[in-house]
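The values are calculated or read from the model by the stated rules, or taken from the named source; none is laboratory data. Just so we're clear, the structure is a prediction, and the values are computed from it rather than from any experiment. Cβ sites come from the backbone with ideal geometry, for glycine too, and all protein chains shown count toward neighbours.
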Amino acid sequence: MADTQRPLSPHLQIYKWQVQMVTSILHRATGIALAVGTLMVLWGLVSLAAGEDAFNQFKICSGSPLGMILLIGWTWALFYHLCNGIRHLVQDAGAGYAIAQFVRSSWMSIIASIVLTILVWAYVLTAGGAA
Amino acid sequence: MSTKAKDLRNPLKRARGLGSAQFGVGHWWTQRVTAAALIVLGLWFVSMLLGLLHADYASARAAVAKPWNAVLLIAFVIAMFWHAVLGLQVVIEDYVHTRWKEIVLLVAIKFIAVLSVLACTLAVLRIALGA
């Protein structure tokens, strides 16, 4: 930080919370969570190649209560990052910048990600437990 | 003035490649291309996992061993870790203000990602080639 008396830009607690702000913050947060989740993909694939014992251990861990909570969290993070990522790609193409569109597409990202997460886990749980 | 007079290069030659990080829009563009790939590959990966909900070890291996699945899995893993590194890089550059810590983290995530991609690829190949 420069050692001057210039006013700082306002911090988060000064802004009025708006949905566009939430989607932006969540995009980064879910991205970080998913980056950690990549290690779960690594573990799954390596254990599948390593042998049945290693894979069963992976299945037990991912089917445990903590594993299920993490998987539900990663499912939502994936769908949110996916929906909002598509929204960002549309915006990168120059579309959807009117304030009303921007707010509406923010809500669409959030709602669609929750609906998709519920659909996937309804399928998983009614099909008889995870992993 | 004297040093400038000795430089016989065309001004355009000196200006080229001197963007923010000397790579112009490479980072931004690669992030978008991997994102586009991950829309398709991510949805395919989720649907494959859901199809394997009740699979035992042998049928899970058999599914990964199918040529198309093996190819798409490797493509998914490469795109996923690449996209994760690009995203984490921006987060680190934004929030880590101690230069040496920033460099260490930037290099560390690249090492981890490359090793993870290699380990995942080897795992898929071992399964696909029946080792």
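Here is a yes/no grid of residues against (1) over 21 Å from B:ALA113 (Cβ atoms); (2) at pLDDT 95 or above:
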position	(1), (2)
A:VAL19	yes, no
A:ALA35	no, yes
A:ALA49	no, yes
A:PHE55	yes, yes
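Quick one: B:ALA15 ticks every box in (1) surrounded by 14 or more Cβ atoms within 10 Å (Cβ to Cβ); (2) more than 30 Å from A:GLY63 (Cα to Cα) except a single one, so which number is it?
B:ALA15 satisfies all of (1) surrounded by 14 or more Cβ atoms within 10 Å (Cβ to Cβ); (2) more than 30 Å from A:GLY63 (Cα to Cα) except (1).
Which members of segment B:70-126 meet the condition of being under 26 Å from B:LEU41 (Cα atoms) and basic (Lys, Arg)?
Hits for segment B:70-126 are B:LYS110, B:ARG126.
Which members of segment A:76-131 meet the condition of being surrounded by 13 or more Cβ atoms within 10 Å (Cβ to Cβ), within 12 Å of chain B (Cβ to nearest Cβ) and in a loop (DSSP other than H, G, I, E, B)?
Answer for segment A:76-131, where residues must be surrounded by 13 or more Cβ atoms within 10 Å (Cβ to Cβ), within 12 Å of chain B (Cβ to nearest Cβ) and in a loop (DSSP other than H, G, I, E, B): A:ALA130, A:ALA131.
Taking segment A:24-39 on its own, how many of its residues are at the interface with chain B (Cβ under 8 Å from one of its Cβ atoms) and of a type in the set (Ser, Thr, Tyr)? Steps first, please.
The first filter runs over segment A:24-39 and keeps only residues at the interface with chain B (Cβ under 8 Å from one of its Cβ atoms), leaving A:28, A:31-32, A:34-35, A:38-39.
Restricting the remaining residues to those that are of a type in the set (Ser, Thr, Tyr) gives A:38.
The number of residues fulfilling the criteria is 1.
Would you check which residues across segment B:51-94 are within 25 Å of A:ILE32 (Cβ to Cβ), over 13 Å from the mean Cα position of the chain (by Cα) and surrounded by fewer than 17 Cβ atoms within 10 Å (Cβ to Cβ) and list them?
So in segment B:51-94, the residues within 25 Å of A:ILE32 (Cβ to Cβ) come out as B:73-94.
Next, only the ones that are over 13 Å from the mean Cα position of the chain (by Cα) stay: B:73, B:90-94.
Scanning segment B:51-94 gives B:VAL90, B:VAL91, B:GLU93, B:ASP94.
Given the conditions (1) without any contact (Cβ under 8 Å) to a residue 60 or more places away in the chain; (2) over 17 Å from A:GLY31 (Cα atoms), which single one is not true for B:MET80?
The failed condition is (2).
Pairs, please: C-beta under 8 Å, at least 6 apart or cross-chain, first residue closer than 13 Å to B:LEU50 by Cβ and in segment A:112-127, second assigned to a loop (DSSP other than H, G, I, E, B) and among the small types (Gly, Ala, Ser)?
Cβ pairs passing all conditions: A:VAL124/A:ALA130.
What residue, of B:HIS54, B:HIS97, is modelled with pLDDT under 95, under 25 Å from A:LEU45 (Cβ atoms) and within 10 Å of chain A (Cβ to nearest Cβ)? Working first, answer last.
Numbers: B:HIS97 fails: under 25 Å from A:LEU45 (Cβ atoms).
Checking each option against the conditions leaves just B:HIS54.
Is there a residue in segment A:40-53 that is outside any helix (DSSP H, G or I), away from every other protein chain (no Cβ under 11 Å) and more than 13 Å from the chain's Cα centre (by Cα)? So that I can check it myself, show each step before the final result.
To start, the set of residues in segment A:40-53 that are outside any helix (DSSP H, G or I) comprises A:51.
After this cut, where a residue has to be away from every other protein chain (no Cβ under 11 Å) as well, the list is none.
Within segment A:40-53, none of the residues are outside any helix (DSSP H, G or I), away from every other protein chain (no Cβ under 11 Å) and more than 13 Å from the chain's Cα centre (by Cα).
Out of B:VAL40, B:VAL77, I need the residue that is within 8 Å of chain A (Cβ to nearest Cβ) and at pLDDT 95 or above. Which one? Step through it out loud before you land on a result.
On the way: B:VAL40 fails: within 8 Å of chain A (Cβ to nearest Cβ).
None of the other options fit; the residue is B:VAL77.
Between A:ALA93, A:ALA100, which is farther than 20 Å from B:TRP28 by Cα and free of Cβ contacts under 8 Å to residues at least 40 places away in the same chain? Talk me through it step by step, then tell me what you get.
Values: A:ALA93 fails: farther than 20 Å from B:TRP28 by Cα.
Residue meeting the stated conditions: A:ALA100.
Restricting to segment B:95-125, and then to whatever is surrounded by fewer than 20 Cβ atoms within 10 Å (Cβ to Cβ) and among the small types (Gly, Ala, Ser), can you tell me which residue is farthest from A:HIS27 (Cα to Cα)?
B:ALA119
Kindly check whether there is at least one residue in segment B:112-130 that is at the interface with chain A (Cβ under 9 Å from one of its Cβ atoms) and among the charged types (D, E, K, R).
Looking for residues that are at the interface with chain A (Cβ under 9 Å from one of its Cβ atoms) and among the charged types (D, E, K, R), one finds at least one in segment B:112-130, hence yes.
Restricting to segment A:54-71, and then to whatever is more than 12 Å from every other protein chain (Cβ to nearest Cβ) and in a helix (DSSP H, G or I), can you tell me which residue is nearest to B:ALA55 (Cα to Cα)?
The first filter runs over segment A:54-71 and keeps only residues more than 12 Å from every other protein chain (Cβ to nearest Cβ), leaving A:60-61, A:64-70.
The next check asks that each one be in a helix (DSSP H, G or I); those that pass are A:60-61, A:65-70.
Values: A:ILE60: 14, A:CYS61: 16, A:PRO65: 20, A:LEU66: 21, A:GLY67: 18, A:MET68: 18, A:ILE69: 21, A:LEU70: 21 Å.
Result: A:ILE60.
Here are the criteria: (1) modelled with pLDDT under 95; (2) over 29 Å from A:GLY51 (Cα atoms). Tell me which single one B:GLU102 does not satisfy.
For B:GLU102, the exception is condition (1).
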